[in-house]
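Data block below; observations after.
The values are calculated or read from the model by the stated rules, or taken from the named source; none is laboratory data. Computed from a predicted model, the values in this text were never measured in an experiment. Using ideal geometry, Cβ is built from the backbone for each residue, glycine included, and neighbour counts are taken over all protein chains shown. Surface accessibility is based on the protein's heavy atoms, side chains included, excluding ligands, DNA and RNA. Shrake-Rupley method; radii C 1.70, N 1.55, O 1.52, S 1.80 Å.
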Amino acid sequence: MKLGWQNWFQEKRFAAHWDRAKEAAQSTPMADYYSAPVQADQLLNDAPLIALDFESDGLEEDAQLLEAGWVAVEGGAVKLNSARRLRIRAESRLQGSAVIIHRITDDAAAEGQSEQDVLLALLADLKGAAILAHAAFIEHSFLNAACLRCFGVPFVGRFICTMQLEERWFPRERTADGLRLGKLRAQYGLPYYRAHDGLTDALACAELFLAQCARRRTENLLLEDVLMRG
């Protein structure tokens, strides 16, 4: 299928970023991740996806990551046996305002694994897969900052953003919070999940994506047609 000019430009830019990061990753633990590029021109239904969510001590790019949750989506189904939730050890005292949201206390954060060990486990599952997230630019920012901290290598990957897809596929007037994950799930008749748990939010995002695809009818779409833009 011939690429539109927007997809063509995005693919050229992605390839340049990927090649630079792959070069930087040589002789680092991220080299294996960069050995398996994800092809954007494959059918969406054939593409392996990983729904991902981080819990953090704030929204700044350099905020402490406290938890990572992820689950695979393959062949139009969520693979629950792939689900993982890993707590990340905090290196400093947590912000009280953030604890109220994610409910991870200082004591609980102190018992987590090192950020590097969690990243290695995550990268092993992300190898060869596109990443699915709600407000995916946040997950990308966190993941990139963490990889730079731990390995000195940027993270480059294929991202699908369910928030952006909703605006692109089903544009309409919305309230200020109309694109929140819980709000969108309710509009699709999906059950209520308590937010701000890494794995629960990843699962919630995966289910929303499958509901969006069912409404949109995506049988003949390519992965490139759903990738995050911008």
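For the range 43-64, the tally of residues that are within 20 Å of LEU210 (Cα to Cα) and open to solvent by 50 Å² or more (accessible area, probe 1.4 Å) stands at 3.
Give the residues of the range 176-230 that are of a type in the set (D, E, K, R) and assigned to a helix (DSSP H, G or I), sorted by residue number. Walk me through it before giving the result.
Step one: list which residues in the range 176-230 are of a type in the set (D, E, K, R), which gives 177, 180, 183, 185, 194, 197, 201, 207, 215-217, 219, 224-225, 229.
LYS183, ARG185, ASP201, GLU207, ARG215, ARG216, GLU224, ASP225 - these are the residues of the range 176-230 that are of a type in the set (D, E, K, R) and assigned to a helix (DSSP H, G or I).
Do we have GLY76 as modelled with pLDDT under 95 and either out of contact with any helix residue (DSSP H, G or I) (no Cβ under 9 Å at 6 or more places or on another chain) or within 16 Å of ALA202 (Cα to Cα) (or both) here?
Working: modelled with pLDDT under 95: yes; either out of contact with any helix residue (DSSP H, G or I) (no Cβ under 9 Å at 6 or more places or on another chain) or within 16 Å of ALA202 (Cα to Cα) (or both): yes.
In short, yes.
The residues of the range 128-148 that are assigned to a helix (DSSP H, G or I) and either surrounded by 17 or more Cβ atoms within 10 Å (Cβ to Cβ) or touching a Leu at 6+ places or on another chain (Cβ under 8 Å) (or both), listed by number, are ALA136, ILE138, GLU139, HIS140, SER141, PHE142, LEU143, ASN144, ALA145, ALA146, CYS147.
So which residues in the range 198-219 are among the aliphatic types (A, V, I, L, M), buried (at least 24 other Cβ atoms within 10 Å of the Cβ), touching a Phe, Trp or Tyr at 6+ places or on another chain (Cβ under 9 Å) and closer than 18 Å to ALA186 by Cβ, if there are any at all? Can you show your working first?
Going residue by residue through the range 198-219, those that are among the aliphatic types (A, V, I, L, M) are 199, 202-204, 206, 208, 210-211, 214.
Filter again for buried (at least 24 other Cβ atoms within 10 Å of the Cβ), leaving 202, 204, 206, 208.
Narrowing further to those that are touching a Phe, Trp or Tyr at 6+ places or on another chain (Cβ under 9 Å): 202, 204, 208.
Within the range 198-219, ALA204, LEU208 meet the criteria.
Out of the residues in the range 149-174 that are of a type in the set (D, E, K, R) and in a loop (DSSP other than H, G, I, E, B), state the one that is most open to solvent (accessible area, probe 1.4 Å). Before the answer, list the steps.
Within the range 149-174, the first condition is being of a type in the set (D, E, K, R), and the residues that meet it are 149, 158, 166-168, 172-174.
Now restrict to residues that are in a loop (DSSP other than H, G, I, E, B): 158, 172-174.
Numbers: ARG158: 17, ARG172: 134, GLU173: 167, ARG174: 60 Å².
Restricting to residues being of a type in the set (D, E, K, R) and in a loop (DSSP other than H, G, I, E, B), the top hit is GLU173.
Within the range 14-42, the set of residues being polar (S, T, N, Q) and either in contact with a Cys (Cβ under 9 Å, 6 or more places away or on another chain) or surrounded by 15 or more Cβ atoms within 10 Å (Cβ to Cβ) (or both) comprises THR28 only.
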